[in-house]
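Peer 1: Starting off with a structure, shown below.
The values are calculated or read from the model by the stated rules, or taken from the named source; none is laboratory data. Here the structure is a predicted model, which is why all the values come from computation and not from measurement. Glycine gets a Cβ as well: all are built from the backbone with ideal geometry, and neighbour counts include every protein chain shown. In case anyone asks, the SASA skips ligands and DNA or RNA and just uses the protein heavy atoms, side chains included. Shrake-Rupley method; radii C 1.70, N 1.55, O 1.52, S 1.80 Å.
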Amino acid sequence: MSVLDVKVWRGGAEGAFQAFEVPRHASQTVLDVVIHIQRALDPTLAYRYACRVGMCGSCAMTVNGAPRWTCRTHVDKVASRGKLEISPLRNLPIVRDLVTDMREFFDKWSRAKGQFSGTRTRGDDFAQVPPAGEKRKAADAGIECIGCGVCYAACDVVTWNRDYLGPAALNRAWTLVSDERDVATLERLRAVSGDAGCHACHTHMSCTQRCPKQLSPTAAIAGLKRAVASAAIEGDL
Ligand code: SF4
Ligand code: SF4
Ligand code: FES
């Protein structure tokens with residue numbers, strides 16, 4: 001049986017890589033490798049996962065230098081000459097080993113007004129939003145985000161400016177600006193128009209290239225830039 005040489009980050013920000021040998025299997029994922037290490041070699045290894053099927057967004061890590069969802073990443077696709085290097089996501093504080101503190105990531109969703117604001121009550125009929133409408137299509141294009149943080153870890157602007165809201169929070173804001181039922185558009189555009197908002201994006205596209213759900217935060221941010229400009233011209237901001 002062939003063996004993988006795996007280096008795994010241990011400890012906090014001042015930690016170091018630890019080497020393990022893991023048996024290779026057909027259809028093995030990077031998360032399978034991490035689980036094997038924790039169950040068979042070192043039960044103290046800290047990491048997160050929940051669904052194992054690409055739904056929950058909790059298993060993202062840095063694999064051979066790139067952020068990825070590990071439960072859907074096959075070893076065959078990423079192992080370079082039988083070697084894997086696994087570390088926590090970039091741009092987030094490390095709690096321990098492969099676990100990052102996601103608070104600033106989700107706090108930024110809140111800062112970007114990532115909560116739906118509607119007016120209907122449960123006594124009202126449900127809203128009808130035609131699927132072919134332009135705004136509906138824009139909202140649908142970004143709605144499948146699983147909050148994995150891969151785009152956030154891929155973004156150099158987040159590295160340079162830790163106040164920057166980042167691609168996921170801005171993608172969320174754009175889905176709500178595009179939601180015809182939402183009534184907080186101006187408030188949201190104000191929230192995303194400051195120095196830490198959509199205009200800080202340098203359109204590098206790393207977020208879009210890396211998003212495991214094939215979303216385009218870059219396009220969402222471009223939509224926000226247009227919406228902020230229109231609102232400013234109208235004198236609303
Ligand atoms: S397109 Fe913008 S948000 Fe996405 S990685 Fe580049 S700078 Fe960051
Ligand atoms: S936009 Fe994509 S990469 Fe970013 S958090 Fe959502 S699913 Fe993950
Ligand atoms: S474990 Fe849920 S997305 Fe990977």
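Peer 1: Quick one: would you say Val33 is in contact with an Asp or Glu (Cβ under 9 Å, 6 or more places away or on another chain) and modelled with pLDDT of 95 or more? Break it down into steps so the answer makes sense when it comes.
Peer 2: Details: in contact with an Asp or Glu (Cβ under 9 Å, 6 or more places away or on another chain): no; modelled with pLDDT of 95 or more: yes.
Spelling it out, it is not the case that Val33 is in contact with an Asp or Glu (Cβ under 9 Å, 6 or more places away or on another chain) and modelled with pLDDT of 95 or more.
Peer 1: Based on what the data block shows, is Asp125 out of contact with any Ser or Thr (no Cβ under 6 Å at 6 or more places or on another chain) and part of a loop (DSSP other than H, G, I, E, B)?
Peer 2: Values: out of contact with any Ser or Thr (no Cβ under 6 Å at 6 or more places or on another chain): yes; part of a loop (DSSP other than H, G, I, E, B): yes.
Considered against the rule, which asks whether it is out of contact with any Ser or Thr (no Cβ under 6 Å at 6 or more places or on another chain) and part of a loop (DSSP other than H, G, I, E, B), Asp125 comes out as yes.
Peer 1: Quickly run through the stretch 36-62 and pick out the residues that are open to solvent by less than 70 Å² (accessible area, probe 1.4 Å), more than 22 Å from the chain's Cα centre (by Cα) and either within 15 Å of ligand 3 (Cβ to nearest atom) or within 19 Å of Glu85 (Cβ to Cβ) (or both).
Peer 2: Residues satisfying the conditions are His36, Ile37, Gln38, Asp42, Leu45.
Peer 1: Could you please let me know if Arg103 is modelled with pLDDT of 95 or more, open to solvent by 60 Å² or more (accessible area, probe 1.4 Å), within 16 Å of ligand 1 (Cβ to nearest atom) and touching a Pro at 6+ places or on another chain (Cβ under 9 Å)?
Peer 2: No.
Peer 1: Looking at Lys108, Lys113, which is the one that is open to solvent by 30 Å² or more (accessible area, probe 1.4 Å) and either closer than 24 Å to Leu224 by Cα or of a type outside the set (Ser, Thr, Tyr) (or both)? Before the answer, list the steps.
Peer 2: Working: Lys108 fails: open to solvent by 30 Å² or more (accessible area, probe 1.4 Å).
Result: Lys113 is the single residue among Lys108, Lys113 that is open to solvent by 30 Å² or more (accessible area, probe 1.4 Å) and either closer than 24 Å to Leu224 by Cα or of a type outside the set (Ser, Thr, Tyr) (or both).
Peer 1: Given the condition in contact with a Cys (Cβ under 8 Å, 6 or more places away or on another chain), among the hydroxyl-bearing types (Ser, Thr, Tyr) and not in a loop (DSSP other than H, G, I, E, B), answer yes or no: does some residue in the stretch 91-114 qualify? First the steps, then the outcome.
Peer 2: Of the residues in the stretch 91-114, the ones in contact with a Cys (Cβ under 8 Å, 6 or more places away or on another chain) are 91.
Okay, now just the ones that are also among the hydroxyl-bearing types (Ser, Thr, Tyr), so none.
Scanning the stretch 91-114, I find no residue that is in contact with a Cys (Cβ under 8 Å, 6 or more places away or on another chain), among the hydroxyl-bearing types (Ser, Thr, Tyr) and not in a loop (DSSP other than H, G, I, E, B), so the answer is no.
Peer 1: Could you list, in sequence order, the residues of the stretch 128-145 that are assigned to a loop (DSSP other than H, G, I, E, B) and either at pLDDT below 95 or open to solvent by 30 Å² or more (accessible area, probe 1.4 Å) (or both)?
Peer 2: To start, the set of residues in the stretch 128-145 that are assigned to a loop (DSSP other than H, G, I, E, B) comprises 128-133, 143-145.
Selection gives Gln128, Val129, Pro130, Pro131, Ala132, Ile143, Glu144, Cys145.
Peer 1: Here's a follow-up. Where in the stretch 176-237 are there helices (runs of 4 or more DSSP H), lying fully within it, with 2 or more residues that are open to solvent by less than 20 Å² (accessible area, probe 1.4 Å) and within 16 Å of ligand 2 (Cβ to nearest atom)?
Peer 2: Details: elements: 185-191, 206-210, 217-233.
In the stretch 176-237, the matching helices (runs of 4 or more DSSP H) lie at 217-233.
Peer 1: Okay, next question. For the structure I just gave you, tell me whether Leu89 is crowded, with 17+ Cβ neighbours inside 10 Å, away from ligand 1 (no atom under 16 Å from the Cβ) and at pLDDT 95 or above. Outline the logic, then answer.
Peer 2: On the way: crowded, with 17+ Cβ neighbours inside 10 Å: yes; away from ligand 1 (no atom under 16 Å from the Cβ): no; at pLDDT 95 or above: yes.
Spelling it out, it is not the case that Leu89 is crowded, with 17+ Cβ neighbours inside 10 Å, away from ligand 1 (no atom under 16 Å from the Cβ) and at pLDDT 95 or above.
Peer 1: Can I ask one more? From the set of residues in the stretch 146-168 that are within 19 Å of Arg188 (Cβ to Cβ) and more than 10 Å from ligand 1 (Cβ to nearest atom), which is surrounded by the fewest Cβ atoms within 10 Å (Cβ to Cβ)?
Peer 2: If we take residues in the stretch 146-168 being within 19 Å of Arg188 (Cβ to Cβ) and more than 10 Å from ligand 1 (Cβ to nearest atom), then Asp163 is surrounded by the fewest Cβ atoms within 10 Å (Cβ to Cβ).
Peer 1: So, one more: Out of (1) of a type in the set (A, V, I, L, M, F, W, C); (2) more than 17 Å from the chain's Cα centre (by Cα); (3) within 19 Å of Cys56 (Cα to Cα), the odd one out for Phe126 is which?
Peer 2: (3)
Peer 1: Then there's this: Any residue that is closer than 16 Å to Ala112 by Cβ and modelled with pLDDT under 95 - is there at least one of those in the stretch 226-237? Can you show your working first?
Peer 2: Quick first cut of the stretch 226-237, residues closer than 16 Å to Ala112 by Cβ only: 227-228, 231, 237.
Cutting the leftovers down to modelled with pLDDT under 95 gives us 237.
Taking every residue of the stretch 226-237 in turn, at least one turns out to be closer than 16 Å to Ala112 by Cβ and modelled with pLDDT under 95.
Peer 1: For Arg68, are the conditions met, namely being within 17 Å of the chain's Cα centre (by Cα), at pLDDT 95 or above, not hydrophobic (A, V, I, L, M, F, W, C) and not assigned by TED's automatic domain parsing to the domain that holds Leu224? Walk me through it before giving the result.
Peer 2: On the way: within 17 Å of the chain's Cα centre (by Cα): yes; at pLDDT 95 or above: yes; not hydrophobic (A, V, I, L, M, F, W, C): yes; not assigned by TED's automatic domain parsing to the domain that holds Leu224: yes.
Yes, satisfied.
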